[in-house]
Amino acid sequence: MARIHARKRGKSGSRYPVEREHPEWSLKPEEIEELIVKMAEEGKPPATIGLILRDSYGVPDVKSALGKKITKVLEEHDLLPEIPEDLSNLLDKRVNLIKHLSENKKDLHNKRRLQLTEVKINRLVKYYKREGRLPEKWSYS
């Protein structure tokens with residue numbers, strides 16, 4: 001499938017483990033869920049929680065261990081962030097681009113990057129409003 005803002009088809013991306021079963025040597029599902037809740041209370045985003053579980057605790061795949069994703073666990077414990085993680089990352093990127101362009105007014109490449117980022121933000125906001133993850137009146141400035 002082609003990319004959003006490029007005409008090429010990329011092949012890179014994350015890969016799931018070969019076996020979709022939770023290994024015996026890894027942590028128990030109850031321990032994994034406790035760790036997820038503890039890290040979320042510390043303020044870590046879901047992607048960071050997944051990386052820490054993979055790298056420090058040796059959990060190859062949270063979904064195969066628990067039968068649900070990290071965001072679902074956070075939702076059950078009322079720890080889900082108000083703004084979804086991918087949207088907040090794009091908003092941070094937008095702020096950084098605006099700051100850069102205020103100092104470098106002739107940077108045409110990054111002006112284009114800002115336009116493309118804002119298009120992605122609008123598309124995500126529309127999706128999350130439709131899914132009920134964001135309120136209908138929500139807007140960014």
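When the GluC sites (Glu not before Pro) in the stretch 41-117 are filtered for DSSP coil states and for at most 13 other beta-carbon atoms within 10 Å of their beta-carbon, the remaining sites are Glu42, Glu82. Computed with the Debye formula from one identical point scatterer per Cα of the chain, without solvent, the log10 of I(q)/I(0) at q = 0.15, 0.16, 0.19 Å⁻¹ comes to -0.96, -1.03, -1.18. Of the cross-linked pairs Lys93/Lys126; Lys44/Lys126; Lys93/Lys120; Lys8/Lys111, which ones have a Cα-Cα span greater than 23 Å in the structure shown? Over 23 Å apart, Cα to Cα: Lys44/Lys126. Run the helix sum for the chain: -39,500 (n - 2.57) per DSSP H stretch of 4+ residues, divided by residue count, reported at 222 nm to the nearest 500 deg cm²/dmol. Rounded to the nearest 500, it is -17500 deg cm²/dmol. Take the Kirkwood radius over Cα pairs of the stretch 8-48, plug it into Stokes-Einstein at 37 °C and 0.692 mPa s, and you get 250 µm²/s for translational diffusion. Here is the list for the stretch 80-141: trypsin sites (Lys or Arg not before Pro) lying in DSSP coil, each with at most 11 other C-beta atoms within 10 angstrom of its C-beta, are Lys105, Lys106, Lys137. Loop-located trypsin sites (Lys or Arg not before Pro) in the stretch 4-73 (DSSP state not H, G, I, E or B) with no more than 16 neighbouring Cβ atoms inside 10 Å: Arg7, Lys8, Arg9, Lys11, Arg15, Arg20, Lys68, Lys69.
Readers should treat all values here as calculations from the given coordinates under stated rules, not as data from a laboratory. Quick caveat, the model's predicted, so the values are computed rather than measured. For neighbour counting, all protein chains shown are included, and Cβ atoms are generated from backbone atoms with ideal geometry for every residue, glycine included.
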